[in-house]
Every structure is written in structure tokens, then in C-alpha cells.
Amino acid sequence: MIRIRMVKITVEQFAILTQAPVPGEYEVRLTITPKHAPAQKQIGVLASFSFYEQDTCFMILSVFCEFAIFPEDWNACMADGMITIPKQTMEYFVVQTIGTSRGILHCKTEGTMMGNIILPSFDVSNTIQEDYKFAVGAQE
């Protein structure tokens, strides 16, 4: 198991795009974007959520969580100038980012007309298809 710690949380985007409360069913679309910063031995996950009622987007939230990997574990992931973060570890980063986003959404909407909107559970097993690989000199 790769030892990590979350080092930074950034709300990249938050907007309520309607003046009316959402009365019933809504859909949440999730986009996951992994990023890396080899010099800092960090992996990041950007989770972007779009909330829809029928075909109308009524709210958006994007949260970026950064995870530092312990140096000896980072080095263990390195081979032939490439870093390979296992799929299972990337899924863990996604789960942590979604959970963090859930709390942020609650704080941002508590006491507003969107206070009833809850970020649902997501099956993240399909969000990351394979190990996350990149060249050691590459940065995003």
C-alpha cells in the first residue's frame, strides 16, 4: 500500500445556476481528471460535478484534492523514468475527493434553497480504467 496524505483542497468552481429550488429528482454527472506534480511527489484529482434537472444544469461544483506520496513509496513506483500509480490507489484518491466534495457541497448549500441537494454515492470502479503512468519529468 502506498502511504499518502492529503495536502490541499481547492474549490475550483461552485455556482448555483437557477433562482428556483429543485423540487424532486435530479441527476449528477461526474468527470474525473487525474493530475500529477512529480517534483512535489504529488498526485491530484479534479472531480467536477454537474447537477441536472431534466436537461437543465442547475448547479456545478469542481473540487481539486492533492495527495503527497511518501518519498520511499514514490521511489518504489518509479521504473525506467516512469511513475506508475496503481489503479487501486487512484480509485482511493477519487473516493477521497468525492467524499471531500460531498462535505463542501453541504457547507456551500446549507441554509439555501439547494440545501436538499446531496451528492450521491458513485461506483468509482469505472472512473479509473488502468494504472496511472507518466514520465518523471512530466508535470501538469
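Computed from the coordinates by the stated procedures, all read-outs in this text should not be read as laboratory data. Values in this document were obtained by computation on a predicted structure and should not be read as measured data. Please note: Cβ atoms are built from the backbone with ideal geometry, for glycine as well, and neighbour counts cover all protein chains shown.
Please list, by residue number, every one of the trypsin sites (Lys or Arg not before Pro) in region 1-66 that is coil in DSSP and has at most 13 other beta-carbon atoms within 10 Å. Let's see the in-between values first.
On the way: sites: Arg3, Arg5, Lys8, Arg29, Lys35, Lys41; in loops: Arg3, Lys41.
Sparse-neighbourhood loop trypsin sites (Lys or Arg not before Pro): Arg3.
What is the sum of charges, Lys and Arg at +1 and Asp and Glu at -1, for the other residues whose Cβ falls under 14 Å from the Cβ of Val7? Display every interim value, and only then the final one.
Details: positive: Arg3, Arg5, Lys8, Lys35, Lys41; negative: Glu66.
Within the 14 Å Cβ shell, the charges total +4.
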(request) Once you have the Cα-Cα distance between Thr84 and Met113, take 0.36 nm times their residue separation minus that, and quote the gain in nm to one decimal. (result) 6.1 nm
(message) Using +1 at the C-beta of Lys and Arg and -1 at the C-beta of Asp and Glu, which of Ala15, Thr89, Met114 has the Cα lying farthest in the positive direction of the dipole of region 1-115?
(response) Thr89
(request) Please get the size of the charge dipole for region 50-140, origin at its Cα centre, with Cβ charges of +1 on Lys and Arg and -1 on Asp and Glu, quoted in debye to the nearest 20. (result) 220
(request) Mark the label point 7 Å from the Cα of Thr18 along Cα→Cβ and return the residues of region 96-124 whose backbone N is within less than 13 Å of it. (result) 113-118
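Cβ neighbours within 10 Å, averaged per peptide: list 87-97, 48-58 in order, most packed at the top.
Values: 87-97: 18.4, 48-58: 15.2.
In descending order of packing, they fall as 87-97, 48-58.
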(request) Grab region 4-115 and count how many Lys pairs have their alpha-carbon atoms under 18 Å apart, sequence gap of 8 or more, or different chains. (result) 4
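Pulled fully out, how much extra length does the chain show between Ile2 and Glu130, if you take 0.36 nm times their separation in residues and subtract their Cα-Cα distance?
Details: separation 128, 0.36 × 128 = 46.08 nm, distance 1.64 nm.
Length difference between fully extended and current span is 44.4 nm.
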(request) Grab the Cα-Cα distance for Ser121 and Val11, subtract it from 0.36 nm times how many residues apart they are, and report the gain in nm with one decimal. (result) 37.6 nm
(request) Filter the GluC sites (Glu not before Pro) in region 1-37 down to the DSSP loop ones having no more than 10 other Cβ atoms within 10 Å, then list what survives. (result) Glu25
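How many times 2.2 N^0.38 Å is the alpha carbon radius of gyration of region 4-115? All intermediate terms of the calculation are to be shown ahead of the outcome.
Numbers: Rg = 16.8 Å, N = 112, 2.2 N^0.38 = 13.2 Å.
Its radius of gyration relative to the 2.2 N^0.38 Å reference: 1.27.
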